[in-house]
Every structure is written in C-alpha cells, then in structure tokens.
1. If D9 satisfies every condition in (1) at pLDDT below 90; (2) in a helix (DSSP H, G or I); (3) over 12 Å from the mean Cα position of the chain (by Cα) but one, which is the exception?
2. For the stretch 54-92, how many residues are open to solvent by less than 70 Å² (accessible area, probe 1.4 Å) and farther than 13 Å from I33 by Cα?
3. Please find, among T52, T78, the residue that is at negative phi and without any contact (Cβ under 8 Å) to a residue 12 or more places away in the chain.
4. Please work out if A50 is exposed (fewer than 15 other Cβ atoms within 10 Å of the Cβ) and either out of contact with any Lys or Arg (no Cβ under 8 Å at 6 or more places or on another chain) or closer than 28 Å to Q80 by Cβ (or both).
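The values are calculated or read from the model by the stated rules, or taken from the named source; none is laboratory data. These numbers were taken from a predicted model, which means no experiment stands behind them. Note: ideal-geometry Cβ built from the backbone for every residue, glycine included; neighbour counts use all protein chains shown. The area values use the complete protein model at the heavy-atom level, side chains included, leaving out ligands, DNA and RNA. Shrake-Rupley method; radii C 1.70, N 1.55, O 1.52, S 1.80 Å.
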Amino acid sequence: MNGPLMPEDSTSQPLHQGGGDARQAERMVKEVIRWYNARLTQARDSGPDAKTIEMLRAARDQAVDDLDLLEDADEDTTVQIGITYAARLRELADFGSSE
C-alpha cells in the first residue's frame, strides 16, 4: 500500500496525511530542545557543574542537528527521527517526574 491509510468509507478523509510525520517529528525535536534549554538555564543558575552543562549542551546540539536534518530527510529518516524523539520525550518526562 503506497498511499495514505484509508478508512472503510472511501468518502472519508485518510487516517494518515502525507507530511504529517515531518511536522510531528519537528514538533517532538523542538520540544526536546526546549527541555534541554530549560535544564541548561537551571544548571547555569544553580552553580558551575561543567560536566552536567557539557552533557546537556551536547544532547541539545544533537537535537538541533537532527532538526536541521529533517529539512531534507527522506520518509524513512523522518520516521526514525520521530520515533527517536518520541522515546526521548518519554525518557525526559520520566526523568523530570523522578526529580
């Protein structure tokens, strides 16, 4: 099946619209970047912990690189980035709730 998933009633809209994966992946990557930016600000404000700041900065920079990659990514790469960042958001949410 090459097109969008269609419901039984062919007069209805497709269940999956083309381009949605890219928008969703972009939204998730941006949310991860916001999370890291907030933690970087907290880390800087709470005192010098160079190791933590460097770890947060490296993770944030990787997310920025992946966001840039999405601009020209093929469908498979877009889906992979989306899956990766959906999992990352869950991890970050779990991390935030355990603090």
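1. Among (1) at pLDDT below 90; (2) in a helix (DSSP H, G or I); (3) over 12 Å from the mean Cα position of the chain (by Cα), D9 violates only (2).
2. Residues meeting the conditions: 9.
3. Residue meeting the stated conditions: T52.
4. yes
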